[in-house]
Structures are given as C-alpha cells and as structure tokens.
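Asks: Sending over a structure as structure tokens; questions will come in a sec.
The values are calculated or read from the model by the stated rules, or taken from the named source; none is laboratory data. What you see is a predicted model; the values in this text were computed from it and never measured. In this analysis, Cβ positions are derived from the backbone assuming ideal geometry, glycine residues included, and neighbour counts consider all displayed protein chains.
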Amino acid sequence: MNTPLLCVEGLSKHYVSGGALSRRGRTVVRAVDDVSFTIAPGETLGLVGESGCGKSTLGRCVTRLLEASGGKIEFDGRDITRQSGRALRETRAGLQMIFQDPYASLNPRRRVRDIVAEPLIVHGRGRSGEIRDMVASLFADVGLRPEQLDRFPHEFSGGQRQRVGIARALALAPKLIVADEPVSALDVSVQAQIVNLLADLKRARGLAFLFIAHDLGVVRQIADRVAVMYLGAIVELGPAEAVLASPAHPYTQALISAVPVADPARAREKRRIVLAGDPPSPSNPPSGCPFHPRCGFATEICTTTKPPLAPLPDGRLTACHHPRI
Amino acid sequence: MAGTVLRRLAHMIAVLFGISVLVFLIFFATPGANPAARIAGKDASPQTIARVEKQFGLNRPLPVQYALMMKKLFVTRNLTSFVNLGEKVVPQVFKAAPVTLSLVSGAAVIWIGFAILIGALAAAFRGGWIDRLLMVLSLIGISMPVFWVGTMANLITQGAYHHTWLFSWVPPLGYIPFSRSPLGWFKALVIPWITLAILYIGLYARVLRAALIETMQEDFIRTARAKGLSERQVLLRHALRCSLVSVVTLFGLDFGVLVGGGALLTEVVFGLQGVGYLTYQALETLDLPMIMATVIYASVFVVVSNAAVDIVYAAFDPRMRVRR
Amino acid sequence: MSAVGLLSVRDLAVAFRTRDGVARAVDGVSFDVAEREILGIVGESGSGKSLTVLAILDLIGDPNAIVSGSIRFRGAELVGQSPDVLRRLRGGAIAMIFQDPMTALTPVHTIGAQIMEQIRIHTGLSRHGARARAVELLDAVGLPDPARAAGRYPQELSGGQRQRAVIAMALSCNPALLLADEPTTALDVTVQAQILDLIRRLRDDFGSAVILITHNLGVVAETADRVAVMYSGRIIETASTAALFADPRHPYTWGLLGSMPELGGARRARLATIPGLPPALDRRPKGCAFAPRCGFARAECAVRPPLIGEAGHRAACIIPAAERAGARDQALAA
C-alpha cells in the first residue's frame, strides 16, 4: 500500500441556506467537514454512519458529482478536485459509481444492452461489434444471462437491476468504484448475492471500492478498512476487524451495540448502549466534540475542544479524547 | 415576519415597475406607433399633430414622459385621459373597482363552496354513477362560454320569464352599490355571480377530485383508517385539507386575474361598469393613461392575491411554514 | 405457548383478482397470538407478511382483494364482519403502526390533534381530557418535552420522534393487540434500538400483545417471543424464538440466516445465498413453494408439505429429522 489510488485531504462540503438578501439568518450546513482518507489499489474502504452523517455527500464529492467546498481529491496520482471537461471525463472512466436505487439510475426506456454499452460508446472503446462482445462478457461477469440483454429495466427484479448497474459501472474497467448503499434496498437473500458478486469482482479485477453503507454487517463482510462518520466528520478509521470487534470511539461502540443480533443467546449477553435522542443538526453542531452531548464518557475537555483524528497504539485513527482502548 | 412583509413589498414594487415600463414601451416604442397622430385623429394636419405632441408632452424624452406619467398617477393623481379630455383616470378606476370586486368575490364564494362539495362527493363515490354524473356536469360547465351563459340568463330572467314569480325580483341590468342598498346589491349580482362561477365550479371540482384521489393513496390515510375513523371522517379531516392546496394555488391566480379585469365578458353581458369594462374601452381607443391605470391596478391585485395565497397556504398546510 | 388465545387466525387467504385470474398473495396462513405475547413474522418482500396483518383489520384497501378464512379476536370472527364493528376495533382494541413514520402522519394536523382524534373516537373523553392523555402518552413513549411536542407538526420531528408519536397514538386506547408493520425499517440502527426497546416495554407497561412484522432476523431475535417465517404467502416455519434460532428446520430459514452478514463470529469468505427468486404469486409451484430454489428438494416436494413437528416448533419441510443437521450445516456453510 505504498502509493494510494485515492487520496482525499481535508475535504469539505458546505451548503449555505437562507439569507438571500442579508447575511443574517443565513446558516451554513457542514455536510462534510474536513475529511481525509486514502484508498490503496484493490482495497475496499467501508464508510458507515447514520442518515445525515454526510457519507453519501462525501461519496458524491469523490466522484465529482458534487463540487467540494474545500480540500483536495487525488485519484491515480492526479489532482481531480477542480477537473472539468475532457479531463474529468477521462477520470470518470477510472472512477465509477453504483447507486442505491438501481431502478432510478437506469433509463427505463432503453434496453439494458444499450445502457451497459453507452459508456463504451461515449469513450470510443471499439467498433460496434467489439462493443457488442464486451457487453455480453460484462453481462456474464455480473451473473446475468445473455437472453436478458434485450430487456428493459422494469423487466428485472431489484437484484438483477443492481447487477445491470454494476455491469455498467464495470464497462470502462475502472480502478475504483464508489458504491452508495448498493444493497440496502434489497431483500436479505438478494443482498447476499450482490455482496458476494462485489467481493468476487474485487478479487478478480483488483478493484478498489469506497463502499458506503449503514449496515455494519454488510460492511464487515466486504471491507478491508472501515471509516465511521458522525456529523460530517470521520470519528474512527481502521482495519475492519479491529474497528468492528473492538471499537475505540464511543459512537462506534454505540452503533455496533445497536445492531440487532440474530442469535437470542448472544443477544441476551450483549450490553447495549442506548443513545439518547437524535443526532444534532449539521447546521448547528455542538461545540467541542460533536458527539459529546450523547456520549457517556464526555468530560470537560469534550465540550470545548474538538478532538483531532489521531492514531492509537494499534495504528487505527480515532477522534476522541477518551478512546475506549 | 416584518422581513417577510418587506421582502414581499419590494418584490411587488419591482413587479409593478416592470409591468408599467413594459406597457409604456409597448405604447410608445412599438414600431409604427405614433401616439400623437392617434390622439389627433384621422387625417389630422402635421400642425395639429405637432400641437398635440406639445400639449401632451409627447415630444419630451421617453424616460421623462414615463416619470411624469407615474407622478401624475401615483402622487398628484390627476392623470387625465388622452381620449375624453379632462377626465381624470384614477377616480374612474376607483369607481369601477368595487363593482368588479363585488362580482368576483361573490362568484368566488359560490364556486369554492360548490367545487369543494362536488369534488369531495365525486371522490367519495369514485367510479360510481354519482362520480360520473358530477364529472360530466362539471365538464359541461367548463365548456359553456360565459358570454353565452350570461346572455341566456338575461334572456330568461330579464325577458321571457321576468314577469313570472320566479324571476320578478331580478332588478334591471346594472350595478347597485352595497352602500345604497345591500339587498339591491345582492339581487343585482346573484345572476352574474352564478354565471361567472359555473366555469370555475367545473374546473375546481375536477382539480379537487383528482387531488383528493391522489391524497387518498397516501400512507397517512391508511393510518387514519387504522385509527378507527369512518371513511367520511378520513376524507374530510385528513384528505381534504391536504388536497385543498392545489385549489388554493389555482384560486390565487384566477382571483387576481378576474379582479384585475378578467371578468370582462361577464361585466359586459350584465352591464356592470367594472374594471374589465374600463380596460376594454381604454384598449379600444388606445387611451394610454387609462390602460396604464387599469394595468397597474390589475397587477397590484395579482401580486396581492398571490401574497394572500402564500399566507393561506401556510394556514392550510403547515409544511409550507417549515420551509425557508 | 398460546395458553390464552387473543387472536386466532385459521387458513387465512388473501387473493387478488387480476386480468389473468386470481393470485393468492396469502395462501392459507394459520397462527395464534396469546395475551401479552410478541409474535414476530419474518419474510422478504412479497412474502405476504404485511397483507396478513392488514387483513386482520380489513385495511388492505384494494377492491380486488378477496379475504377468506377465519380471524378470531377474543373469540369473535372478524372476516366478513360489518365495517362498523371493524371500525370500532381499529385503533381501539387492535392498533397498528406502519413502516414509514415520515409518511404515516397527516402533515396538516399537529401530533397532539392526531392522537386526540383517536382518543375521542373511542372514548367519551372531553377535549381537555384527551389532550392531557395525549401529552401523557407522548411522555410515556419518551418524546422529550411532550407538551410542546403535542403542538408540533409531524414534519417538525425527526424520524425516530415521529415513530414514537405514531406508537403513542397506537397505544392511546390501550390496545390488547398491536400490529407493527416493519416499524423500524426506515430508521437508523441507534434509533431502531430505541424503538425496539420501547416495543418490548409496551407489553410490561400497557399489557399489549404485539405482532411484529420484519425482514430482519436480528430484530426478531431480540424482540419476539415466538416467530413465524413466511415464504410466498405461507408460513413455512414457526417456533419459539429460542428454538428457531437454536434449531432452524426449514431450508428457507437456513438461507435467510446464511445470507445475513453478521457482526459477531468469524468473517465468512462468502455469504450463503438462496439461488433464484421467489415464484410469482400466480405461478406458485403445486407442492412446496420453495422447492425450485431448495438444494435439498426431492420428488416428495411436489406435494405441498404441511407444518410438521411438535406443538412448539413446526416446519413445512419433509427433510427427516435425522438428515436435518447435516443438511443445515451444508446450507449455512455454502
């Protein structure tokens, strides 16, 4: 892991709302606030957190679907933060995205063959015969049958549509795929199929993933490292096993303890940390550590000073004054 | 709150300025437009035209003319007609406004009431014969031209059946001010109200029915049923309030337009000297001061009723309050 | 388990008239719920689990739906009952909460008004009394500052707060049975944990029995006393929660357990999956509906298997008890 494939430094995305005429009444929503991480070639970084924590916004900034307010995104050695036009198009060939709702992201009036072929045609990756073959082989790779090529998206089930979305993302042979909640709309059994498929593709093609999800079990299954977000910032980042088995940040602990366990025997011995209330609004974050009002371990310093994302002895990073290790 | 009002006001002034400039320019800067020649009349000599130009100030630069006209309209209020010389414009509009307001407000009460009744009934019996009958009737209402309905109403109430017990109470065509006789005012306006309302009853009933049927598919309707409410309570307490928003939107636009002169045909048919009538006459003679006055008046109403709609919105639907 | 029957459902079927004939979305479902019992119904989308509970209160709301079979609540038959009788039950003795708290409340009325409305339909309470009770309920479900919350509109609350308000409303008339249709699916895990805690507490504080519908085996494991697993409109396994997770007997249950990525234990190289898709409702196989996807299907599966086993644990599968453990290990390992 010497040269990272993706290097994000101090990335921020702020939205300004209200106050069209005057400065008063204007609020700044810090959806993503000073986030840094790297992804090595072939590595999967799981990005977890609850709704509104900024994980989707972060994913969209990385793929340049949203313009970052500050910070730097380096992909494959090039700074892509302000890229546009042809350069951005070329970057996108190596940096694709998969979405949560495969139905909304597929044009309902086009045959899936054309949907998958489109990026190949746009990037001029061959003559029509060659593209035909490429699409057929992509279809095979994602576990769809050749006779399904000429169907329309609505003729597919949710899981199959997600396969089509994956085939389209794979068409240009990207190095990194940003997957935004790719399995959360699917039933458990179908979800397992897609998780396995992504794991296979990762192995076979050396793909790197930024895997955004709220389901910690799914993330554990697929991610090498995990980043936990709370209120626009990463609060813990480290190897998946370490973070999920022995979380250091109180928020990660609470998050993990809240996941219901499908085993009544283990469920009973589990100690649950029930968080009070809801996450605060990113337009009006608490002072100091953003988690301190809901944290059972907060002390004086937590209310005044925001803890930096600092390494622990075992190498993982955590943003906490009192890490639980 | 004060900020909102101020912003609204600024917004309104900007709109009025834009409209007045536009009307002014259409009148003066349209290719081939020569106001002086038009005022001077057919086959006027160049000298007459020149005199007219001087007399009406038409030889001065356009911005100055515009400023003068606005000053006379708003500050000194002594803007006079180009056609009926010496006749002041502003009092005319103020005389016509109550007529139109009376006509449109009364009609609005009728059309909103009936539209809600018909729309709710149709939605409640969706697919049944009541629904179909009401929708056919409302379609007929929409399709009948208002001047035809008005003429027919006049033929019946003023002509053929005027002397029967049914319509002997209908006064002759024309307006009776409320201050002179409230009952007379009411009698004089009932037939025009109904005439004007028919189209809108049909339109609004159909819009409301569609909105209600859509709302009845919402999750919260299922919750309301699960609470043990009867179908009627579900429809009236939960679906109707949410569906009225679409009607309120329409109403804001329609009301503004009608008060601003859109009720012209009804006014003409029933001999009501309202704003529509006034605008119509001014347009016929291309009487700029009068056009300017009525247009400004109309736009004030459109803007004001739009603002009123926003307030009503918030009353009907708290979702609007949360936003911004 | 079901010593005192509160609800007894027998051979419930929900069919839809379609252009191509009749599709049975719920196909002969029977179960009991005892007083103060939490029954979890687990299944994937299209399994008929939601329709089953909607049928109890006749809330399916589709003119093409035909409900048949028997639903007895405290001994009284509900299927074919008059709308008036059902209406008095709804929100009274049987209350329901729905999946998406974002859309489950009418946006134009305050939370308090919506709760008061239900209280006043079912009780003779005055406006004033109903308001006091509404605030009391909002407090009981853990909404901060309940008096103020009562005056708020749904969209002014967060998802978790709204679901609490929905639950408060459902509890307002002390229901003997609460039907909860995926009450935490739309919520974040930490909020889900709060709501599940609340539902468990209901039984103690309010004495309500609960039917909890979910697709999440973890939610069931932590909340329910008994579980029924549904597949393609039928219950394919039912047992006490402890027994179901200790000794799952139906291959579909194995498939569900195997495909669930877990936080504990060793990370599996691959998740077990169930190949293929559930059958279309109008093209359900004659015998076991799961057979086409089942790795252990055999000739006998062409006949629909009954629920077999002892009283506390029954499964609709013919795999003999002797072979079961081996097959299960094989299924969960895949």
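Asks: Which condition number in (1) over 24 Å from A:PRO282 (Cα atoms); (2) away from chain C (no Cβ under 12 Å) is the one that A:GLU236 fails?
Replies: With (1) over 24 Å from A:PRO282 (Cα atoms); (2) away from chain C (no Cβ under 12 Å) applied to A:GLU236, the lone miss is (1).
Asks: Next question. Residues being touching a Phe, Trp or Tyr at 6+ places or on another chain (Cβ under 7 Å) and either of a type in the set (S, T, N, Q) or part of a helix (DSSP H, G or I) (or both): count how many of those fall in segment A:258-278. Please lay out each step first, then the result.
Replies: Of all residues in segment A:258-278, those touching a Phe, Trp or Tyr at 6+ places or on another chain (Cβ under 7 Å) come to A:262-264.
When the remaining residues are screened for being either of a type in the set (S, T, N, Q) or part of a helix (DSSP H, G or I) (or both), the result is A:264.
Counting residues in segment A:258-278 that are touching a Phe, Trp or Tyr at 6+ places or on another chain (Cβ under 7 Å) and either of a type in the set (S, T, N, Q) or part of a helix (DSSP H, G or I) (or both) gives 1.
Asks: Of the residues that sit in segment C:98-116 and are facing another protein chain (nearest Cβ under 9 Å), modelled with pLDDT of 90 or more and surrounded by fewer than 24 Cβ atoms within 10 Å (Cβ to Cβ), which one is nearest to C:ALA168 (Cα to Cα)?
Replies: C:THR110
Okay, residues lined up against (1) more than 16 Å from the chain's Cα centre (by Cα); (2) more than 24 Å from C:THR185 (Cβ to Cβ); (3) of a type in the set (Asp, Glu):
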residue	(1), (2), (3)
C:THR223	no, no, no
C:GLY233	no, no, no
C:ILE274	yes, no, no
C:PRO285	yes, yes, no
C:ALA299	yes, yes, no
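Asks: Here is a further query. Given (1) aliphatic (A, V, I, L, M); (2) free of Cβ contacts under 8 Å to residues at least 40 places away in the same chain; (3) away from chain C (no Cβ under 14 Å); (4) out of contact with any helix residue (DSSP H, G or I) (no Cβ under 6 Å at 6 or more places or on another chain), identify the lone condition not met by B:ALA226.
Replies: (3)
Asks: Inspect all residues belonging to segment B:84-104 and state whether any of them is closer than 18 Å to B:LEU235 by Cβ, touching a residue at least 60 places away in the same chain (Cβ under 8 Å) and part of a helix (DSSP H, G or I).
Replies: No, there is no match, as no residue in segment B:84-104 is closer than 18 Å to B:LEU235 by Cβ, touching a residue at least 60 places away in the same chain (Cβ under 8 Å) and part of a helix (DSSP H, G or I).
Asks: Go over the candidates B:ALA107, B:ALA29 one by one and state the one that is small (Gly, Ala, Ser) and surrounded by 17 or more Cβ atoms within 10 Å (Cβ to Cβ). Full working, then the answer.
Replies: Working: B:ALA29 fails: surrounded by 17 or more Cβ atoms within 10 Å (Cβ to Cβ).
After ruling out the rest, the residue left standing is B:ALA107.
Asks: Sticking with this structure for a sec: Scan segment C:14-59 residue by residue and report those that are in a loop (DSSP other than H, G, I, E, B) and small (Gly, Ala, Ser). Walk me through it before giving the result.
Replies: Kept after step one, since they are in a loop (DSSP other than H, G, I, E, B), are these residues of segment C:14-59: C:19-20, C:35-37, C:43-48, C:57-59.
Within segment C:14-59, C:GLY43, C:SER45, C:GLY46, C:SER47, C:GLY48 qualify.
Asks: Continuing with this model, one more query. Evaluate the following for A:PRO323: is it more than 14 Å from chain C (Cβ to nearest Cβ), surrounded by 15 or more Cβ atoms within 10 Å (Cβ to Cβ) and outside any strand (DSSP E or B)?
Replies: Details: more than 14 Å from chain C (Cβ to nearest Cβ): yes; surrounded by 15 or more Cβ atoms within 10 Å (Cβ to Cβ): yes; outside any strand (DSSP E or B): yes.
Considered against the rule, which asks whether it is more than 14 Å from chain C (Cβ to nearest Cβ), surrounded by 15 or more Cβ atoms within 10 Å (Cβ to Cβ) and outside any strand (DSSP E or B), A:PRO323 comes out as yes.
Asks: (1) surrounded by 16 or more Cβ atoms within 10 Å (Cβ to Cβ); (2) within 14 Å of chain A (Cβ to nearest Cβ); (3) free of Cβ contacts under 8 Å to residues at least 40 places away in the same chain: which one isn't true of C:TYR252, the others all being true?
Replies: (3)
Asks: Right, A:ASP150: modelled with pLDDT of 90 or more, over 30 Å from A:THR38 (Cβ atoms) and outside any helix (DSSP H, G or I) or not? Give the derivation first.
Replies: Values: modelled with pLDDT of 90 or more: yes; over 30 Å from A:THR38 (Cβ atoms): yes; outside any helix (DSSP H, G or I): yes.
Yes; evaluated as a whole, the condition is true for this residue.
Asks: From the list A:ASP215, A:ASP278, A:ASP200, pick out the single residue that is out of contact with any Gly (no Cβ under 8 Å at 6 or more places or on another chain), of a type in the set (D, E, K, R), within 12 Å of chain C (Cβ to nearest Cβ) and closer than 28 Å to A:ALA31 by Cα. Break it down stepwise before answering.
Replies: Numbers: A:ASP278 fails: out of contact with any Gly (no Cβ under 8 Å at 6 or more places or on another chain); A:ASP200 fails: closer than 28 Å to A:ALA31 by Cα.
Answer to the check: A:ASP215.
Asks: Return only the number of the condition from (1) more than 22 Å from C:ARG268 (Cβ to Cβ); (2) within 11 Å of another protein chain (Cβ to nearest Cβ); (3) at pLDDT 90 or above that A:HIS249 does not satisfy.
Replies: (2)
Asks: For C:ALA243, indicate whether it is part of a helix (DSSP H, G or I), of a type outside the set (Val, Ile, Thr) and touching a His at 6+ places or on another chain (Cβ under 8 Å). If you could, list the steps in order and put the result at the bottom.
Replies: On the way: part of a helix (DSSP H, G or I): yes; of a type outside the set (Val, Ile, Thr): yes; touching a His at 6+ places or on another chain (Cβ under 8 Å): yes.
So C:ALA243 passes the test.
Asks: Still on this structure, I have one more. Restricted to segment A:177-194, and to residues that are away from chain C (no Cβ under 11 Å) and in a loop (DSSP other than H, G, I, E, B), which residue is nearest to A:GLY165 (Cα to Cα)? Give the derivation first.
Replies: Start the filter on segment A:177-194 by keeping residues that are away from chain C (no Cβ under 11 Å), which leaves A:177-182.
Going one step further and asking which of them are in a loop (DSSP other than H, G, I, E, B), we end up with A:181-182.
Values: A:GLU181: 13, A:PRO182: 10 Å.
Filtering segment A:177-194 for residues that are away from chain C (no Cβ under 11 Å) and in a loop (DSSP other than H, G, I, E, B), the one nearest to A:GLY165 (Cα to Cα) comes out as A:PRO182.
Asks: For the condition within 11 Å of chain B (Cβ to nearest Cβ), in contact with a strand residue (DSSP E or B) (Cβ under 9 Å, 6 or more places away or on another chain) and closer than 27 Å to C:LEU244 by Cα, what is the one hit in C:VAL29, C:VAL33, C:VAL53? Give the steps one after another, and end with the answer.
Replies: Values: C:VAL29 fails: within 11 Å of chain B (Cβ to nearest Cβ); C:VAL33 fails: within 11 Å of chain B (Cβ to nearest Cβ).
Unique residue meeting the criteria: C:VAL53.
Asks: Quick check on my filter: what residues within segment C:180-229 are buried (at least 22 other Cβ atoms within 10 Å of the Cβ), more than 10 Å from chain A (Cβ to nearest Cβ) and more than 29 Å from C:ARG314 (Cα to Cα)?
Replies: Scanning segment C:180-229 gives a single hit, C:ILE195.
Asks: Now for a different question. At the interface with chain C (Cβ under 8 Å from one of its Cβ atoms), under 24 Å from the mean Cα position of the chain (by Cα), surrounded by 20 or more Cβ atoms within 10 Å (Cβ to Cβ) and not in a loop (DSSP other than H, G, I, E, B), is that true of A:LEU255? Give the steps one after another, and end with the answer.
Replies: Working: at the interface with chain C (Cβ under 8 Å from one of its Cβ atoms): yes; under 24 Å from the mean Cα position of the chain (by Cα): yes; surrounded by 20 or more Cβ atoms within 10 Å (Cβ to Cβ): yes; not in a loop (DSSP other than H, G, I, E, B): yes.
Here the answer is yes, as A:LEU255 does meet what is asked.
Asks: A further question follows. I'd like to know if segment A:170-179 contains one or more residues that are more than 15 Å from A:LEU65 (Cβ to Cβ), surrounded by 14 or more Cβ atoms within 10 Å (Cβ to Cβ) and at pLDDT below 90.
Replies: Scanning segment A:170-179, I find no residue that is more than 15 Å from A:LEU65 (Cβ to Cβ), surrounded by 14 or more Cβ atoms within 10 Å (Cβ to Cβ) and at pLDDT below 90, so the answer is no.
Asks: What pairs can you find where one residue is in segment A:178-200 and more than 25 Å from C:LYS49 (Cα to Cα), the other is at pLDDT below 90 and not in a loop (DSSP other than H, G, I, E, B), and their Cβ atoms are less than 7 Å apart, with a gap of 6+ or different chains?
Replies: Here the result reads none, with nothing in segment A:178-200 linked to a residue that is at pLDDT below 90 and not in a loop (DSSP other than H, G, I, E, B).
Asks: Still on this structure, please answer the following. Which numbered condition trips up C:GLY129, out of (1) more than 14 Å from chain A (Cβ to nearest Cβ); (2) surrounded by 20 or more Cβ atoms within 10 Å (Cβ to Cβ); (3) among the small types (Gly, Ala, Ser)?
Replies: For C:GLY129, the exception is condition (2).
Asks: Considering only segment B:229-252, how many residues are at the interface with chain C (Cβ under 7 Å from one of its Cβ atoms) and farther than 29 Å from B:ASN306 by Cβ?
Replies: 2
Asks: Then there's this: Consider C:ALA95 carefully, then state whether it is part of a loop (DSSP other than H, G, I, E, B), touching a helix residue (DSSP H, G or I) at 6+ places or on another chain (Cβ under 6 Å) and at the interface with chain B (Cβ under 9 Å from one of its Cβ atoms). If you could, list the steps in order and put the result at the bottom.
Replies: Working: part of a loop (DSSP other than H, G, I, E, B): no; touching a helix residue (DSSP H, G or I) at 6+ places or on another chain (Cβ under 6 Å): yes; at the interface with chain B (Cβ under 9 Å from one of its Cβ atoms): yes.
No; evaluated as a whole, the condition is false for this residue.
For (1) free of Cβ contacts under 8 Å to residues at least 24 places away in the same chain; (2) under 18 Å from B:GLU231 (Cβ atoms), each residue gets a yes or a no:
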{"residue": "C:SER50", "(1), (2)": "no, no"}
{"residue": "C:ALA55", "(1), (2)": "no, no"}
{"residue": "C:GLY61", "(1), (2)": "yes, yes"}
{"residue": "C:VAL85", "(1), (2)": "yes, yes"}
{"residue": "C:MET102", "(1), (2)": "no, no"}
{"residue": "C:THR106", "(1), (2)": "no, yes"}
{"residue": "C:ILE111", "(1), (2)": "no, no"}
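Asks: Could you name every one of the helices (runs of 4 or more DSSP H) located completely within segment B:6-77 that has at least 3 residues being under 29 Å from the mean Cα position of the chain (by Cα) and modelled with pLDDT of 80 or more?
Replies: Details: elements: B:35-40, B:46-55, B:62-70.
Because the criterion is at least 3 residues that are under 29 Å from the mean Cα position of the chain (by Cα) and modelled with pLDDT of 80 or more, the helices (runs of 4 or more DSSP H) in segment B:6-77 that meet it are B:62-70.
Asks: Does B:PHE316 meet the test of being in the same structural domain as B:VAL109 (by TED's automatic domain parsing), modelled with pLDDT under 80 and either crowded, with 20+ Cβ neighbours inside 10 Å or of a type outside the set (Lys, Arg) (or both)?
Replies: On the way: in the same structural domain as B:VAL109 (by TED's automatic domain parsing): yes; modelled with pLDDT under 80: yes; either crowded, with 20+ Cβ neighbours inside 10 Å or of a type outside the set (Lys, Arg) (or both): yes.
So B:PHE316 fits the description; yes.
Asks: While we're looking at this one, here's another question. Being in contact with a strand residue (DSSP E or B) (Cβ under 9 Å, 6 or more places away or on another chain) and either at pLDDT 90 or above or assigned to a loop (DSSP other than H, G, I, E, B) (or both) narrows it down to one residue among A:LEU244, A:LEU197; which is it? Reasoning before the result, please.
Replies: Details: A:LEU197 fails: in contact with a strand residue (DSSP E or B) (Cβ under 9 Å, 6 or more places away or on another chain).
The match here is A:LEU244.
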